[in-house]
Amino acid sequence: MIDHDIQDASCVDAATVAERLQVDPATGLADAEAARRLEENGPNELRGKPAVPTWRKILAQFQDPLIYLLLAAVVISLVSWAIEGAEGLPVDAVVIAIVVILNAVLGYTQEARAEDAVAALGSMTAATSTVLRGGELKTVPSADLVVGDVLVLNEGDAVGADARLLSASALRIQEASLTGESEAVTKNAATLAAPAPLAERHDMVHKGTAVVQGVGRAVVTAVGMSTEVGAIAEMLDATEEEPTPLQTEVSHISRMLGTAVVIIALVVMITIVVVDGVTEPADFVVVLLLGVSLAVAAVPEGMPAILSVVLAIGVQRLARRNAVVKQLNSVEALGSASVICTDKTGTLTRNEMTIERVVTASGSADVTGVGYRPDGTLTAGGEDLAGPQRLETQLLLGAGSLANNAQLTERDGEWTIQGDPTEAAFLVAARKLPGTAEQLSRFERVAEIPFTSDRKMMSTLHRERDDGTSLVFSKGAPDVLLAHCARYQVGEGTAPLTDALRRERLAEVEALSAEAFRTLGVAYRVADDVPPGSDDVDASIEHELVYLGVVGIIDPPRAEAATAIAEAHRAGIRVIMITGDHPTTAIRIAADLGIIEPGGRAVTGTELDTVDDRTLRENVHEVSVYARVSPKHKLLLVDTLQSEGQIVAMTGDGVNDAPALKSADIGVAMGVTGTEVTKEAARMILGDDNFATIVMAVRQGRVIFDDIKKFLRYLLSSNMGEVLTVFLGVVFAGVIGLNEASDETIVLPLLATQILWINLITDSGPALAMGVDPEIDDVMARRPRRPEDRAIDTRMWRGIVTVGLVMALVTLFAIDVFLPGGLVEGDDSLEVARTAGFTTLVLAQLFNALNARSETTSAFHGLFRNGWLWGAIGLGIVLQFAVVEVPFLQVAFGTGSLDLVHWGVCTALASVVLWYDEVRKLVIRAAAQR
């Protein structure tokens, strides 16, 4: 019976593991047995989400409270149309239905495009693994690996499954995607004495990691969802996504509008029935139609479509700058973020080990330039290296480059490495010191004594091509290497390495470690004791070495990350580093980037396991660096921050980041180095893995939210003008002469079709133009929007209502001016007077488009910065002229022609809205300065 559930195989002897899994490590599984196990247990794949049917994606576009409201308006319009006798087409119902359908098509299309972009980022060839089956080495798809397979690991391989090491030689695994460790981890087959954290299981290899050095063999103990990656995927399934702030806000506005529409319609209808003593069925139909008119006037039919268009434009704008947003509503969420929780390795840092310090007998040298591009210099005290120090440094970097298995290559201007990133750092640094790399070709490599976790050093034997001199080059942990050294390099000569000098050298190492550098010592010797032509050497040649010095290596911060973090802080956004790396390294990088002040502290995952809820909440308020954390800790921190009222953005690239990304208000995955699990969990994917792109997205999110507020201010104040025009027009019909102009019981100041024209045609253009309005104010100079802050606050509502009231008053006054009777005596027909009122309201709303660009800034500030807005205003004027003067449109919308005097009066009255709002803004600005 095969034991498919070996609890903590790291604590079980390798031979015992193989025995339980019924496999001979020398030959591996037979092909037939591997096929049987694959059939029995399924492929080595993570469980993916079931594909969402197209019909469900389309249906999801209608699941919005405002859409429900519009559909209700369609039903009411159809009922009213049927009560009237079902004559002609139900224009209101048809137009609103078209708007709803177009909005759904737009939303579906944009999200489909985002899915395609995500798929393009994730497309890659299927992974393969080398296994031992039936005594032969075979390459099989990693999806076909089964428990009991013997994996054969070589440098550059991706580990296809969780496995217990059978043997290892100089084996080092890059586990950053799983544990957050920036440095490759040394592995060996020795059994652990007790269970250990994932990052410290040296006898195990895991799915989703990569071999950067050495070779090894391992027996597969877990595949698919049973792997460590699978456990995180399970956690991901149990993590619920939170609605974005914009989704919450739109739902709030929709509920509020729905309630207001019902209340307004009922109050008006009841008032008319009571005041006018309505008793006839025909009059009840008129009252019901009035209610529908008010509903049409109150509901901004174009708002869902405009919101989708604005968000879609924001998505495209971000995509052009390497940020792929999977859902439209997520665009705005980053603009609301008050905290960005970010991984370190590969996100804030380059994930490219770099030598920044070289210490030799003559002193310390600083190395400029980061990453694998060999651009930079070596200086001491700000001056170029010279004299003995230059020679010592040249020898050190040359020796480190020869005791090395990495490769540095350049293709089309891009520098890449193969092998261990730490070893590659020597090759890069050597190229920065002129004359060093060129000397390496003098030596021919003969043999290697590989690095092991026990020895903590490696050596290579080289022969000089010119005279055949044999040399040993060694590098490793400085304290270990020093034990093999008898002398140290001083300029062109050497000197005895006394105990006092050893202590000094170790003090140099400790000083570098205190600065969070990873240290490696380098040494050499002329190997006179190795016979010419001999390549049969072992560790016995590592004696009487000459110590050259030590290098300080670090995974450097991205150059643009510090600027981006400073910009985030200026915007009131807190940046928190959550990493699996060592606390000292995390603190150093965080201080370099400005996340914390020098001397700040980090909290470890172990500490998080022991604190109570109160202390945890205190930590999230005060501590901005968390180190040695596991996936559950990342999720815990995100959830705690959210419970404290923060809007959290979480960035990351590793599998270990995925649950926290999904739980965050918006998860941001790295597109280049990010795993597929992470990309699936995220709402936004960075195509360039650049932290600065996140801050750019924050700015764009804030601009988009500002633009949303602009068109909401415009649409709602315009709709308020329509509602108040109808309401006040009916209530005060006798005052302005409407009752005298018709024999009907109830005379409406505007027809339902005219209101619909305003909402769908005249309003939509300016609202769309405001959706792409340039940034007027410095959006990064303000604090983040709190979750309890409404998009439409009290002051904005006050402005909406007062501007709407002014619109209604000037509209009704225009009707009064041209109607016989009322406050001002006129001589036009009801059709012409109503058309004048209709035109005044349209022009007032076009003036209002200039007002709505800011709650406090004058409309004349940056008046011509938005060409789209002026185009929309011009189009609105043309369309209004057409609906007033074109005969077939006159019939459809109940309008009559206006002469030049009519147009002049309408324009003058409409402009009152602009001047009123200028005065209102002036008062607000004056009050703010007190």
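Matching residues to (1) among the small types (Gly, Ala, Ser); (2) under 23 Å from residue 519 (Cβ atoms); (3) part of a helix (DSSP H, G or I):
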{"site": "563", "(1), (2), (3)": "no, no, yes"}
{"site": "572", "(1), (2), (3)": "yes, no, no"}
{"site": "575", "(1), (2), (3)": "no, no, no"}
{"site": "581", "(1), (2), (3)": "no, yes, no"}
{"site": "584", "(1), (2), (3)": "no, yes, yes"}
{"site": "587", "(1), (2), (3)": "no, yes, yes"}
{"site": "592", "(1), (2), (3)": "no, yes, yes"}
{"site": "596", "(1), (2), (3)": "no, no, no"}
{"site": "607", "(1), (2), (3)": "no, no, yes"}
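Suppose we filter 18, 14, 34 for residues that are surrounded by 18 or more Cβ atoms within 10 Å (Cβ to Cβ), in contact with a helix residue (DSSP H, G or I) (Cβ under 8 Å, 6 or more places away or on another chain) and of a type in the set (A, V, I, L, M); which single one remains?
Working: 18 fails: in contact with a helix residue (DSSP H, G or I) (Cβ under 8 Å, 6 or more places away or on another chain); 14 fails: in contact with a helix residue (DSSP H, G or I) (Cβ under 8 Å, 6 or more places away or on another chain).
None of the other options fit; the residue is 34.
Take residue 508 and decide whether it is more than 20 Å from residue 397 (Cβ to Cβ), within 51 Å of the chain's Cα centre (by Cα) and not in a strand (DSSP E or B). So that I can check it myself, show each step before the final result.
Numbers: more than 20 Å from residue 397 (Cβ to Cβ): no; within 51 Å of the chain's Cα centre (by Cα): yes; not in a strand (DSSP E or B): yes.
Considered against the rule, which asks whether it is more than 20 Å from residue 397 (Cβ to Cβ), within 51 Å of the chain's Cα centre (by Cα) and not in a strand (DSSP E or B), residue 508 comes out as no.
If you scan region 346-373, which residues turn out to be touching a Lys or Arg at 6+ places or on another chain (Cβ under 7 Å) and part of a loop (DSSP other than H, G, I, E, B)?
The answer is 348, 350, 369, 370, 371.
Would you be able to tell me the number of residues in region 566-594 that are free of Cβ contacts under 8 Å to residues at least 40 places away in the same chain and either outside the structural domain of residue 343 (by TED's automatic domain parsing) or touching a helix residue (DSSP H, G or I) at 6+ places or on another chain (Cβ under 6 Å) (or both)?
Count: 1.
Does residue 719 meet the test of being crowded, with 24+ Cβ neighbours inside 10 Å, within 19 Å of residue 838 (Cα to Cα) and in the same structural domain as residue 883 (by TED's automatic domain parsing)?
Spelling it out, residue 719 is indeed crowded, with 24+ Cβ neighbours inside 10 Å, within 19 Å of residue 838 (Cα to Cα) and in the same structural domain as residue 883 (by TED's automatic domain parsing).
Determine whether residue 775 is under 30 Å from residue 642 (Cα atoms) and either in contact with a Leu (Cβ under 8 Å, 6 or more places away or on another chain) or in contact (Cβ under 8 Å) with a residue 12 or more places away in the chain (or both).
Judged against the criteria, residue 775 is a match.
Quick check on region 888-928: of everything there that is of a type in the set (Asp, Glu) and part of a helix (DSSP H, G or I), which residue is surrounded by the fewest Cβ atoms within 10 Å (Cβ to Cβ)?
Here the answer is 918.
What's the total number of residues in region 591-637 that are touching a Lys or Arg at 6+ places or on another chain (Cβ under 6 Å) and of a type outside the set (S, T, N, Q)?
Pass one, region 591-637, residues touching a Lys or Arg at 6+ places or on another chain (Cβ under 6 Å): 604-605.
In the following step, the residues that additionally are of a type outside the set (S, T, N, Q) were identified as 605.
Number satisfying all stated conditions: 1.
Could you run through region 647-687 and say how many residues are modelled with pLDDT of 75 or more, outside any strand (DSSP E or B) and out of contact with any Pro (no Cβ under 8 Å at 6 or more places or on another chain)?
Selection size over region 647-687: 8.
What residue, of 47, 56, is modelled with pLDDT of 75 or more and of a type outside the set (A, V, I, L, M)?
Numbers: 47 fails: modelled with pLDDT of 75 or more.
Only one candidate passes the filter, namely 56.
Specify which of the listed residues (176, 158) is within 29 Å of the chain's Cα centre (by Cα), closer than 24 Å to residue 34 by Cα and not β-branched (Val, Ile, Thr).
158
Taking helices (runs of 4 or more DSSP H) that do not extend beyond region 394-502, which have at least 3 residues that are at negative phi and modelled with pLDDT of 90 or more? It would help to see each step written out before you state the result.
Values: elements: 421-432, 436-439, 478-482.
Ranges flagged: 421-432, 478-482.
Of the conditions (1) surrounded by fewer than 16 Cβ atoms within 10 Å (Cβ to Cβ); (2) within 18 Å of residue 753 (Cβ to Cβ); (3) under 46 Å from the mean Cα position of the chain (by Cα), residue 840 fails just one. Which one is it?
(1)
Inspect all residues belonging to region 202-212 and state whether any of them is part of a helix (DSSP H, G or I), modelled with pLDDT of 85 or more and not assigned by TED's automatic domain parsing to the domain that holds residue 791. Walk me through it before giving the result.
Taking region 202-212 and keeping what is part of a helix (DSSP H, G or I), we get none.
There is no residue in region 202-212 that is part of a helix (DSSP H, G or I), modelled with pLDDT of 85 or more and not assigned by TED's automatic domain parsing to the domain that holds residue 791.
Across region 753-805, what is the total count of residues that are more than 18 Å from residue 723 (Cα to Cα) and not hydroxyl-bearing (Ser, Thr, Tyr)?
Qualifying residue count for the region: 30.
Restricting attention to region 885-897, does a residue exist that is hydroxyl-bearing (Ser, Thr, Tyr), in contact with a Phe, Trp or Tyr (Cβ under 9 Å, 6 or more places away or on another chain) and either at negative phi or outside the structural domain of residue 728 (by TED's automatic domain parsing) (or both)?
Yes, some residue in region 885-897 is hydroxyl-bearing (Ser, Thr, Tyr), in contact with a Phe, Trp or Tyr (Cβ under 9 Å, 6 or more places away or on another chain) and either at negative phi or outside the structural domain of residue 728 (by TED's automatic domain parsing) (or both).
The values are calculated or read from the model by the stated rules, or taken from the named source; none is laboratory data. Remember, predicted model here, so these are calculated numbers, not experimental data. All Cβ positions, glycine included, derive from the backbone under ideal geometry; neighbour counts span all protein chains shown.
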